[in-house]
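Asks: Once you've had a glance at the structure underneath, I'll fire off some questions.
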Amino acid sequence: MYLAEHPASASGSLPALRHDWHLAEVEALFALPFNDLIFLAQGVHRQHFDPADIQISRLLSIKTGACSEDCAYCPQSAHYDTGLGREALMPLDAVLAAAREAREQGASRFCMGAAWRSPRDSDIEQVCAMVEGVKALGMETCVTLGMLTDAQTGQLKSAGLDYYNHNLDTSEAFYSSIISTRTYQDRLETLARVREAGINVCCGGIVGMGETARDRASLLLTLANLPKHPESVPINLLVRVEGTPLAATDDLDPLIFVRTIAVARILMPASRVRLSAGRDRMSDEMQALCFLAGANSIFYGERLLTTDNPEAVRDRQLFARLGLTLSGYGLDG
Ligand code: SAM
Ligand code: DTB
Ligand code: SF4
């Protein structure tokens, strides 16, 4: 039996999940010889998950562009000219048509993203109708809408929302170099509200933004020391978009990306670690290393929110070559 949350730890057969990591411990994990780190991560992974099992989510941008925030990585910020126009919130029937197609392709979770700093109450009502409609199709639901109030998290919970995505993105120290229009504390407060409402938390970050090794360790430390680990931890490799301040950022060493996945797996053993944005420019071999390091979820389908993701057929071939199987559904089509 593979354990999503680990009742067995209470009986002593698995170590308890830790929330008291020190930065030096996390940095020491990053500094291990590569083989030792991957061996450790794969061992932890096998205590909690079937190593062949991969969960796939499908993203849809339900409201694109013209966001008032200035996140330096983001093509949807109104502060930068990336060629993206402002689009209105998508109508319900178009969202449900996209969800049906995603379900047919094997996605178990449908994630709807909006380019908002925070939603208005009238927006939330429309998003709640989308959540209800997608749930009625038998899929898990996730939304990412920016900062929320207590009342809004309550409405989303009542609509049946399964996951809320809200990333910390980087370390607290590096945060203000990337975003000036909100604080790290704002992010932590929304995460606490989501948790309080009983919605599963999806929270991770982006690497390859010019951060230091300490920033990467610090981001993972903050995630692991939350009162409860996020159920889902997306690790994004920066997608460099022309027009954003980070468009000319240097390449991150691919093995540092793999190490980041491995350390996330070790720190948050029972969470789904998602190999998220950036797969489009990763080789199959690099992705295989990420799965070996403990990644067990991806975004599937040729589009993320506004940028490209690998073609579904390439992912199906990769899964077949690696003997990976989908959580919940079979791959078809
Ligand atoms: N506006 C909401 C927010 O920021 O929380 C929701 C949508 S926002 C696009 C969701 C996440 O996408 C961001 O937190 C960031 O981690 C990720 N993201 C955006 N642009 C990215 C890029 N160019 N490369 C990698 N990840 C990116
Ligand atoms: C996450 O961590 N990554 C996804 C999802 N959560 C919302 C978004 C990636 C966006 C990449 C840039 C784009 O396509 O616009
Ligand atoms: Fe807006 Fe979210 Fe993009 Fe930041 S990451 S500019 S909040 S859409």
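The values are calculated or read from the model by the stated rules, or taken from the named source; none is laboratory data. Just so you know, these numbers come straight off a predicted model, no measurement behind them. As a convention, Cβ positions derive from the backbone with ideal geometry for all residues, glycine included, and neighbour counts pool all protein chains shown. In case anyone asks, the SASA skips ligands and DNA or RNA and just uses the protein heavy atoms, side chains included. Shrake-Rupley method; radii C 1.70, N 1.55, O 1.52, S 1.80 Å.
Asks: State which residue is most open to solvent (accessible area, probe 1.4 Å) when the search covers only the stretch 54-88 and only residues that are among the polar types (S, T, N, Q) and in a loop (DSSP other than H, G, I, E, B).
Replies: SER68
Every residue, every condition in (1) on the phi > 0 side of the Ramachandran plot; (2) open to solvent by 20 Å² or more (accessible area, probe 1.4 Å); (3) touching a residue at least 60 places away in the same chain (Cβ under 8 Å), yes or no:
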site: GLY204; (1), (2), (3): no, no, yes
site: PRO227; (1), (2), (3): no, yes, yes
site: ALA248; (1), (2), (3): no, yes, no
site: PRO254; (1), (2), (3): no, yes, no
site: ARG259; (1), (2), (3): no, yes, yes
site: LEU267; (1), (2), (3): no, no, yes
site: ARG272; (1), (2), (3): no, yes, yes
site: ALA293; (1), (2), (3): no, no, yes
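Asks: Looking at the stretch 66-76, is at least one residue more than 16 Å from ligand 2 (Cβ to nearest atom), at pLDDT below 95 and on the phi > 0 side of the Ramachandran plot?
Replies: No, because not a single residue in the stretch 66-76 is more than 16 Å from ligand 2 (Cβ to nearest atom), at pLDDT below 95 and on the phi > 0 side of the Ramachandran plot.
Asks: Within the stretch 219-257, how many residues are closer than 16 Å to CYS290 by Cα, more than 16 Å from ligand 2 (Cβ to nearest atom) and assigned to a loop (DSSP other than H, G, I, E, B)?
Replies: 1
Asks: If I ask for residues that are open to solvent by 10 Å² or more (accessible area, probe 1.4 Å) and among the β-branched types (Val, Ile, Thr), which ones from the stretch 147-177 would you list?
Replies: Answer for the stretch 147-177, where residues must be open to solvent by 10 Å² or more (accessible area, probe 1.4 Å) and among the β-branched types (Val, Ile, Thr): just THR149.
Asks: Return the pairs, sorted by first residue and then second, in which the second residue is open to solvent by 40 Å² or more (accessible area, probe 1.4 Å) and not in a helix (DSSP H, G or I), the first residue lies in the stretch 77-104 and is touching a residue at least 24 places away in the same chain (Cβ under 8 Å) and of a type in the set (Phe, Trp, Tyr), the beta carbons are less than 9 Å apart, and the residues are 6+ apart or on different chains.
Replies: TYR80/PRO245
Asks: Return only the number of the condition from (1) crowded, with 20+ Cβ neighbours inside 10 Å; (2) in contact with a Cys (Cβ under 8 Å, 6 or more places away or on another chain); (3) part of a loop (DSSP other than H, G, I, E, B) that MET112 does not satisfy.
Replies: Going through the list (1) crowded, with 20+ Cβ neighbours inside 10 Å; (2) in contact with a Cys (Cβ under 8 Å, 6 or more places away or on another chain); (3) part of a loop (DSSP other than H, G, I, E, B), MET112 breaks only (3).
Asks: Evaluate the following for GLY301: is it more than 16 Å from ligand 3 (Cβ to nearest atom) and either among the β-branched types (Val, Ile, Thr) or out of contact with any Leu (no Cβ under 9 Å at 6 or more places or on another chain) (or both)?
Replies: Answer is no for this residue.
Asks: Give the stretch 229-246 a look and list any residue that's touching an Asp or Glu at 6+ places or on another chain (Cβ under 8 Å) and surrounded by 21 or more Cβ atoms within 10 Å (Cβ to Cβ), or say none.
Replies: Hit for the stretch 229-246 is VAL239, nothing else.
Asks: Also, quick follow-up: Conditions first: (1) at pLDDT 95 or above; (2) more than 18 Å from the chain's Cα centre (by Cα); (3) open to solvent by 10 Å² or more (accessible area, probe 1.4 Å). THR144 passes all but one, so which condition is the exception?
Replies: (2)
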